[in-house]
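Here the structure is laid out as structure tokens; the discussion comes afterwards.
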Amino acid sequence: MADLKNIELLAPAGDMEGIQTAVRFGADAVYCGGPFMQLRASKVGFSEESLWEAASHVHAFGKKIYITVNCFANNDEIPLLGDYVSRLYDIGIDAIIVSDIGAIAEIKEKCPDMEIHLSTQANCMNYRSAGVYYDMGVSRIVLARELSIEKIAELSAKAPRGLELEAFIHGAMCMSYSGRCLLSAYLAGRSGNRGECAQSCRWSYYLMEEKRPGEYFQVIEDEKGSGILSSKELCCVDILGELAAAGIVSFKIEGRMRTPYSIGTTVNAYRMAMDGTASSEEIHRELDTSSHRPWCTGFYLGDPESVAPDTTGYIRDWLFVGSAAEDSVDGRVRMLTRNPFKLGDTLEVVTPGLCGRPLTVSSIVSEEGEALERSASPMKLMTVNAPFGIRTGDLFRRRND
């Protein structure tokens, strides 16, 4: 197995809590969206003011921060790019992630010192394209998801020396070619290229024969509807060594719209896998505690059947019930609640570098000092028993019975 010590673990974040969680649980770098041309909904885009705070926090821990500028640009957006990226450079952003070839040219002209990573949206699949982008000033390629490990190795061997390669290793996959899809724009008037995807591929679909109007037949006979357009989710924890040996220098986790719990548990699992501090069985169990659809290895092993449609739907075996608001003291810890739990429940506490540790709830006390039988409504502070040391930011979960 290839040495993973020098491979970057790159995590997503949609808000400041996501950034803090990603860094705390072991990410080497984080990526997020700014206020302009970021390929996600506006609710997960940082303002320029909040990017100062984000960059300061990340850099305080010796980590890096990348900003997505990865929409395909309209004419009126090109003139705005130079000033915007220059401001990002002044903030201290380590690199920007760009799809549009015109945007790359404009940015290199107006802000030549800003490091540029090519987005997977540009679907770079060969060494010749990689060389062209490198000559334009791109320092890293986020590879198209359709590549096999074998093809990645060939691209790496023939690409310019010094060009870095990044690949997605975990998370949701678009059913369309490198994420280029018009389904949401057509059916819902919401463009995926503007961060507004309605995830139309996850909807339930039925078949109607031309001469039998009004007669609808379910494509796959399942109570949850059809899943023929919905891909499984990517999980590459078992092939990290092969990806590194093929030339990948950054392992990327998908999910700027994911919860801090999903970010924390996923980053923690991959950190332990890369550091060799937990068994394969333990790591898989940790990954399974986050809401997900059935796992696959994408196209990396050269098997298209791996990404066959998901007809199962989301697997939600665990619930995020809260996070530690401060370090435990005298066998108690204050936590900020998310989902309900009650006396007698067995929770698990997730701490950086460790798998979930069981905690049986024997005491729940409100901020007013009232003893409770069950947790209050979400986003409330309360105190529970802590039979072992718990640190600020640790995550609590329970079985979704």
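The values are calculated or read from the model by the stated rules, or taken from the named source; none is laboratory data. Just so it is clear, the model here is predicted, and its values are computed rather than measured. Reconstructed Cβ throughout: ideal geometry from the backbone, glycine too, with neighbour counts over all protein chains shown.
Structure summary
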quantity	calculated
The range 325-351, subset of a type outside the set (S, T, N, Q) and in contact with a Gly (Cβ under 6 Å, 6 or more places away or on another chain), residue nearest to residue 270 (Cα to Cα)	350
Where a residue in the range 271-284 is at pLDDT 95 or above and surrounded by 13 or more Cβ atoms within 10 Å (Cβ to Cβ) and its partner, wherever it lies, is polar (S, T, N, Q) and not in a loop (DSSP other than H, G, I, E, B), with Cβ under 9 Å and at least six apart	273/280
Residue among 345, 330 that alone is outside the structural domain of residue 284 (by TED's automatic domain parsing), at pLDDT 95 or above and in contact with a strand residue (DSSP E or B) (Cβ under 9 Å, 6 or more places away or on another chain)	345
Residue 316 modelled with pLDDT under 90 and either touching a Gly at 6+ places or on another chain (Cβ under 8 Å) or surrounded by fewer than 18 Cβ atoms within 10 Å (Cβ to Cβ) (or both)	no
Close pairs from the range 340-364: first surrounded by 14 or more Cβ atoms within 10 Å (Cβ to Cβ), partner of a type in the set (S, T, N, Q) and at pLDDT below 95, Cβ under 7 Å, at least 6 apart	340/375; 341/375; 364/375
Unmet criterion (only one of (1) farther than 23 Å from residue 184 by Cα; (2) surrounded by fewer than 20 Cβ atoms within 10 Å (Cβ to Cβ)) for residue 107	(2)
Candidate set: the range 154-188, residues that are assigned to a helix (DSSP H, G or I) and within 24 Å of residue 115 (Cα to Cα); chosen: the one modelled with the lowest pLDDT	178
Within the range 365-377, considering residues that are polar (S, T, N, Q) and assigned to a loop (DSSP other than H, G, I, E, B), the one surrounded by the most Cβ atoms within 10 Å (Cβ to Cβ)	375
Residues located in the range 119-143, provided they are in contact (Cβ under 8 Å) with a residue 12 or more places away in the chain, among the small types (Gly, Ala, Ser) and surrounded by fewer than 22 Cβ atoms within 10 Å (Cβ to Cβ)	131, 137, 139
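Rundown of residues vs (1) touching a helix residue (DSSP H, G or I) at 6+ places or on another chain (Cβ under 8 Å); (2) free of Cβ contacts under 8 Å to residues at least 60 places away in the same chain; (3) surrounded by 15 or more Cβ atoms within 10 Å (Cβ to Cβ); (4) not assigned by TED's automatic domain parsing to the domain that holds residue 242, yes/no style:
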| site | (1), (2), (3), (4) |
| --- | --- |
| 12 | yes, no, yes, no |
| 30 | yes, yes, yes, no |
| 60 | no, yes, no, no |
| 73 | yes, yes, yes, no |
| 95 | no, yes, yes, no |
